[in-house]
Amino acid sequence: MLKLSVIGAGTMGIGIAQVAATAGWDVVIHDINNDTLEKSSVSLGKVMNRLVEKEKINQATADKILERINFTEDRQYFEDSDLVIEAIVENMEIKKKVFEAIEKSVRKDTIIASNTSSLSLASIGSFLENPSRFIGIHFFNPAPLMPLVEIIPAMQTAEETTRQAKDWLNSWNKLTVLAKDTPGFIVNRVARPFYGESLRIYEENIADFATIDWAMKELGGFRMGPFELMDFIGNDINYVVTETVFQSFFYDSRYRPSFTQKRMVEAGFLGRKSGQGYYDYSEGANKPESIRDEKLGNKILYRTLVMLINEAADALFLNIASREDIDTAMTKGVNYPKGLLKWADEKGIGWCVEKLDGLYEEYREDRYRCSPLLRRMNKGGNTFY
Ligand SMILES: NC(=O)c1ccc[n+]([C@@H]2O[C@H](COP(=O)([O-])OP(=O)(O)OC[C@H]3O[C@@H](n4cnc5c(N)ncnc54)[C@H](O)[C@@H]3O)[C@@H](O)[C@H]2O)c1
């Protein structure tokens, strides 16, 4: 039987353990914090009970999955792992220590992976003596429910490592996409305007939170509006991701964070978890009414959509991932109603270029520059598909 070791029994680690054990792997999950290990073990038991109650799996299967997962404070159990996935705090210094120690406690052919969302894999790989066996395996939260996994080879990664990681993840019932080791990989890069452009629309006083959310959901078909989603993710988390992406792109204005969100974080308006974010989540609070004006709604939707399309087109232009993988990443990693490149074809490449150039003309900000790929395609009369 193949064996996975997971380091870090937090939100992601425990989800990854469940996914692998469900696929029949033996799993060891390690954390430095014994309380976390105990809590995670209890919560995993509850998840399994719920799956049995909902008749998604039977009791015998649930028992087998739980039997396959061992919780330990001791790293020596990593010894005969085929794969190790690190899912500890997002801190380079701490990761460095952990990776140096992992390599000493596993076989020479064990594949070693990181679930990092924002750190450079080339940097993490450099902590290993043999980085050719190292790779990024980026799950989405909650790992057992989200079908997408981004596979990110570092500069040092061997082709065989990438192929093996992809095969294993596919055997765990995950849809894999291949992304270049660049900030935000595919999803967290391409999705930036969903938040950033919505915040900008609000800051320009074009519409309030509720109206922007209404437009994106009702007219765009997105499952959640940007402000609802930021409240759900937590403004602190979402702000830090934006700030990190902005810094990592050498301060490209396209990714500039917003003062509105910064002030929300400073005020402690973190979203659902603090009871107040863009919306009030206290008991009995009324949700503000949106202005259901279709003309205004389309203005909001199309401005945000064209910025998302521009980001997706630029990711393809810069060879971050393939056309299919960019569309799969956004529909399966963040539940977009349609792939953005497919959407671009539907709206027309000429429409996209005209809309972006219109924004650029109006604001004269580099943020609204049209991707050279869209411009080139427009000239050639091409489509993505
Ligand atoms: N939460 C998400 O939505 C999400 C999604 C994708 C990727 N990630 C990435 O996954 C990683 C983990 O995120 P999370 O949300 O599960 O964090 P978390 O805070 O829920 O869990 C991290 C766990 O790591 C443990 N830990 C810290 N230092 C350790 C060490 N030296 N050895 C062993 N365990 C240690 C902590 O005790 C904690 O239980 C991060 O790199 C993050 O960027 C998070």
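What follows is calculated from the coordinates using simple rules that are stated; it is not laboratory data. Remember, predicted model here, so these are calculated numbers, not experimental data. Methodologically, a virtual Cβ is constructed for each residue, glycine included, from the backbone with ideal geometry; neighbour enumeration extends over all protein chains shown.
For a quick check, take a GNM of the chain with Cα springs below 10 Å and name the residue from PHE250, PHE185, PHE99 with the largest mean-square fluctuation.
In this elastic network of the chain, the residue with the biggest mean-square fluctuation among PHE250, PHE185, PHE99 is PHE250.
Binning at 5 Å from 0, report for the stretch 45-196 what percent of all alpha-carbon pair distances ends up in each bin.
Taking all Cα pairs of the stretch 45-196, the binned fractions are 2, 9, 16, 19, 19, 15, 10, 7, 3, 0 percent.
Given N residues in the chain, what is Rg(Cα) / (2.2 N^0.38 Å)?
It is 1.04.
How large is the dipole of the stretch 72-173 about the Cα centre if only Lys and Arg carry +1 and Asp and Glu carry -1, each at its Cβ, rounded to the nearest 20 debye?
In total the dipole reaches around 160 debye.
Once you've got the GNM for the chain with C-alpha springs shorter than 10 Å, pick whichever of LYS174, LYS96, LYS108 has the biggest mean-square fluctuation.
LYS108
Picking from THR161, PRO131, ASN286, whose Cα lies most toward the positive end of the charge dipole for the chain (charges on Cβ: Lys, Arg +1; Asp, Glu -1)?
Value: THR161.
Need one word for the stretch 189-380: rounded, prolate or oblate. Basis is the Cα gyration tensor (sqrt eigenvalues a ≥ b ≥ c); a/c below 1.5 gives rounded, then a/b vs b/c decides.
Note, shape of the stretch 189-380 comes out prolate.
Return the percentage of antiparallel bridges among DSSP beta bridges fully within the stretch 3-178, rounded to the nearest 5 %.
DSSP beta bridges in the stretch 3-178 are roughly 15 percent antiparallel.
Springs between alpha-carbon pairs under 10 angstrom, Gaussian network model over the chain: which of ARG133, ARG364, ARG192 fluctuates most?
Judging by the Gaussian network model, the answer is ARG364.
Using a cut-off of 14 Å between beta-carbons, work out the net charge of the residues near VAL47 (Lys and Arg +1, Asp and Glu -1, VAL47 not included).
With Lys, Arg at +1 and Asp, Glu at -1, the net is +3.
Which of ASP293, ASP109, ASP231 has the fewest other C-beta atoms within 10 Å, and how do the rest follow up to the most?
ASP109, ASP293, ASP231
So what's the net charge close to ARG68: Lys and Arg +1, Asp and Glu -1, counting the other residues with Cβ under 15 Å from its Cβ?
Charge balance near ARG68 sits at -3.
Under a 5 Å amide H to amide H cut-off, with H placed in plane at 1.01 Å, what residues pair with GLN276 once short-range neighbours are removed?
When sequence neighbours closer than 5 places are left aside, the close amide H contacts are LEU270, GLY271, TYR281.
Taking the Cα centre of the stretch 3-178 as origin, sum charge times position over the Cβ atoms of Lys and Arg (+1) and Asp and Glu (-1), and report the length of that vector in debye to the nearest 20.
With Lys and Arg at +1 and Asp and Glu at -1, about 340 debye.
Dipole magnitude of the chain about its Cα centre, charges +1 at Lys/Arg Cβ and -1 at Asp/Glu Cβ only, in debye to the nearest 20?
700
Place +1 on the Cβ of every Lys and Arg and -1 on the Cβ of every Asp and Glu in the stretch 274-340, take the dipole about the Cα centre, and give the residue among THR331, LEU301, GLY277 whose Cα lies farthest towards its positive end.
Value computed over the given set: LEU301.
Along the Cα-to-C-beta direction of ALA60, a point sits 7 Å from the Cα; which residues of the stretch 1-45 have their amide N less than 19 Å from that point?
22-25
Determine the distance separating the Cα centre of the stretch 324-370 from the Cα centre of the stretch 268-296; give it in Å without decimals.
Here the two parts' Cα centres lie 27 Å apart.
So what's the angle, to the nearest 10 degrees on a 0 to 90 scale, between helix 159-171 and the longest Cα principal axis of the chain?
Result, in degrees: 90.
Between beta-carbons, use under 11 Å as the cut-off and find the net charge around GLY196, counting Lys and Arg +1, Asp and Glu -1.
Overall, the nearby charge balance is +2.
Can you give the calculated 222 nm mean residue ellipticity of the chain, where each DSSP H run of n ≥ 4 adds -39,500 (n - 2.57) and the sum is split over every residue, rounded to the nearest 500 deg cm²/dmol?
Value at 222 nm, helices only: -15500 deg cm²/dmol.
Using modelled amide H (1.01 Å from N, peptide plane; none on Pro or chain starts), what sits under 5 Å from the amide H of VAL6, excluding residues fewer than 5 places away?
Hits under the 5 Å cutoff: VAL28, ILE29, HIS30, ILE85.
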